[in-house]
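A quick write-up on the structure given underneath.
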Amino acid sequence: MRAVRHFVALILLAAVAAGMPAHAQDASLVFVDKIRTEPLSQTVPVIGRLVALQSGEVASRIGGAVTEFHVEVGDVVDKGQVLAELDTALLEVELAIAQGELRQAEAELMSNQAQLKLNEQELARFAGLEGSQAFSKARFEDAQQNVERAKAVIQGTEATIATRRASVQLRRLNLEYARIRAPYRGVVIRRMVEAGAYVTLGTPVVRMMADLNLEVEADVPANRLASLTPGTPVGIVLDDGSEHRAVVRAILPTENPLTRTRTVRLTPEFAGGMAGMADAQSVTVKVPVGVARNVLTVHKDAIITRGGKKVVYVVRGDSAEMRPVVLGEATGGRIEVLEGLKDGEEVVIRGNERLQPGAKVRVETGS
């Protein structure tokens, strides 16, 4: 029975192979990319650096003794996170006193309002006697003055209450300021004081840097600034050789008379984010020279060397044609084509190492 099944399987495989075209059986799987026209400009390298948009010392807003630190050097902290705490015993007493004074003023206001009500009732009683023999103009006028005096006292008490409420709010703010918080998300670079130290208003407590909010800064020769305007995209290269894109944000209107350079700020676009980047990290900025020109470009992976010459495989129908090329400037992952190719032609970028001229191919698009 096993021999019969094996014989049937061989027959089926033979039938499938017989129904498949010969070129499909022998064709090599390749990936292709199109020749395209794009702008290219020559560049000169300028050494720049990454700079943190936010960095500096976080200072105390009040005076007091540092009782506790909640962070160490190198810790990543979120905006609003407590970095250190000051002694709050005196602040709590001051708040209690201010709250007591506020309650006293509020009680005085209630008493003064009650007195005003009595004075107004008395004035109304005298007004009701007007025109009768019991009416006394002098007593009526005294009652009017008593009402006005009571109103003035109430106004003074209300002003006192407003002042004492502000005093309570100030004490509460001081209690909140006793917890020194991070003003932004970043990394603690240095602790300026230690637990037990006494700080005053404005004393630096820690130094921080926003490690995920970086820009590129470069001192560009003044004669190279013609092609740089806000919004201009340029290439940048990190120390590890990786290439990225940045956009000019601003050109500072000051020039170094010794080096004849101006500072340019660029907003980088890192595909993997800024994690792992560092303030003052070196960056090479590719500053454009002159106006960009439109050129034919080919994917760098399409270029191979055969017999000491640069060649590519152009896909024509279901076969690959080897064609020599003359190359120019590199632009990112592509290279300028001076001779040998036309716009829109498809070239092999993967699977070309083992191809021979006229080889049959099966095409996949993309890298």
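Some notes on this structure:
- Other residues within the sphere of radius under 12 Å centred on the Cβ of Glu158, judged by their own Cβ, net out at +1 (K and R +1, D and E -1).
- For the pair region 313-367 and region 158-189, the centres of their Cα atoms are 68 angstrom apart.
- Pairs beyond 21 Å (Cα-Cα), from Lys309/Lys360; Lys309/Lys342; Lys286/Lys310; Lys34/Lys342; Lys117/Lys151: Lys309/Lys360; Lys286/Lys310
- Most mobile of Gln155, Gln169, Gln54 in a GNM of the chain (Cα contacts under 10 Å): Gln155
- Expressed as a fraction of 2.2 N^0.38 Å, the value expected for a compact globular protein of N residues, the C-alpha radius of gyration of region 224-367 is 1.38.
- Comparing region 62-113 with the 2.2 N^0.38 Å rule of thumb, its C-alpha radius of gyration ratio is 1.90 (two decimals).
- Ellipsoid semi-axes in whole angstrom, largest first, where each is sqrt(5λ) of the Cα gyration tensor of region 296-339: 18, 13, 9
- Across every direction, the projection of the convex hull enclosing the Cα atoms of region 88-176 has a mean area of 5.9 nm².
- Region 239-260 versus region 93-118: alpha-carbon centroid distance in Å: 64 Å
- What the pair-distance distribution of region 157-289 shows, using all Cα-Cα distances binned every 10 Å from zero, is 10, 27, 21, 17, 14, 8, 3, 0 percent.
- Averaging 1/r over every pair of different alpha carbons in the chain and inverting the result gives a Kirkwood radius of 29.9 Å.
Read-outs throughout are calculated quantities, based only on the coordinates presented, and are distinct from any laboratory measurement. These numbers were taken from a predicted model, which means no experiment stands behind them. For neighbour counting, all protein chains shown are included, and Cβ atoms are generated from backbone atoms with ideal geometry for every residue, glycine included.
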